[in-house]
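The structure appears right after this line, and notes come after that.
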Amino acid sequence: MTRIVAGSAKGRVLAVPAKGTRPTSERVREALFSRLDHWGALEGAHVLDLYAGTGALALEALSRGAASADLVEKSAAAARLAARNASACSLPARVHTADARAYLGARSGPELGGEAGLVLIDPPYSAPESEVAAVLALLGPWIAPDCVVVVERPKRAPAPALPSFLVLEDTRAWGETAAHFAAPPAPGGPDEGGSR
C-alpha cells in the first residue's frame with residue numbers, strides 16, 4: 001500500500017498499478033522529504049516531477065506545502081492513475097502524458113506558476129546514465145535560482161553527470177535507493193556543493 005506520509009493529505013492511499021512502476025517507499029519518502037523540509041525547499045514551491053509514475057513524490061510535496069506541480073509520465077496508464085490520485089487527494093497537480101526529454105525540449109518552463117523550485121527525477125532503475133544526464137541538461141530554462149533537484153538512482157549507480165548550471169549538494173542512501181541533491185551554484189560563490 002502506498003500512502004501520503006505527512007501534511008494536508010496525510011494517510012491518503014494512492015492507487016498504484018499491479019506492475020510497471022516502482023513507487024518510492026514510504027520510508028525513503030519520509031527521509032527524503034525531511035531533508036527537503038530542513039532546507040526549506042517545499043513551502044510554496046512549484047514542483048516538476050519527471051518520471052512521475054503514479055505521482056507519489058509530487059503529491060507528497062504538495063501535501064507538505066508546495067504550491068503546484070507538473071507531473072510528467074510517459075505511460076498513459078500510470079499518468080491516468082496519477083491524475084486520479086491528485087484528484088482524490090484534492091491537490092493542485094497537472095499531469096502530462098509525455099516522455100521527460102520530449103516534454104522538457106518542447107516547452108520553456110512549468111505551466112503552473114513559473115520556474116520550478118523543486119525538481120524530482122525518479123527514472124526506472126534500468127534507465128541508462130546517459131538518459132538521466134540528457135534530462136538534467138534540459139532543465140536550465142525550467143529552474144529557479146534557488147531550485148533543488150533530486151535524482152533517485154540505485155545505490156550502486158554512480159552519481160549523475162550534472163550540467164554546468166547544477167552543483168551536487170548532498171547524497172543520501174536508504175536501503176537500495178540513493179538520492180542525489182543538486183542546486184544551481186550560489187551567485188558569486190565557488191562552484192562546489194555543501195551550501196545548504
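The values are calculated or read from the model by the stated rules, or taken from the named source; none is laboratory data. Source: prediction; values computed, not measured. Cβ placement follows ideal geometry from the backbone for every residue including glycine, while neighbour counts extend to all protein chains displayed. Surface areas here come from the heavy atoms of the whole protein model, side chains and all, with no ligands, DNA or RNA. Shrake-Rupley method; radii C 1.70, N 1.55, O 1.52, S 1.80 Å.
Laid out as a table, the results:
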{"quantity": "Residue that is farthest from Ala52 (Cα to Cα) [pool: residues in region 104-137 that are at pLDDT below 95, among the aliphatic types (A, V, I, L, M) and open to solvent by 20 Å² or more (accessible area, probe 1.4 Å)]", "calculated": "Ala106"}
{"quantity": "For Trp174: the one exception among (1) open to solvent by less than 30 Å² (accessible area, probe 1.4 Å); (2) of a type in the set (A, V, I, L, M, F, W, C); (3) within 22 Å of Arg64 (Cβ to Cβ)", "calculated": "(1)"}
{"quantity": "Top-ranked residue of region 164-186 - restricted to ones that are under 18 Å from Tyr51 (Cβ atoms) and in a loop (DSSP other than H, G, I, E, B), ranked as modelled with the highest pLDDT", "calculated": "Leu166"}
{"quantity": "Residue check, Arg80 part of a helix (DSSP H, G or I), surrounded by fewer than 16 Cβ atoms within 10 Å (Cβ to Cβ), on the phi < 0 side of the Ramachandran plot and charged (D, E, K, R)", "calculated": "no"}
{"quantity": "Some residue of region 55-71 being surrounded by fewer than 24 Cβ atoms within 10 Å (Cβ to Cβ) and assigned to a helix (DSSP H, G or I)", "calculated": "yes"}
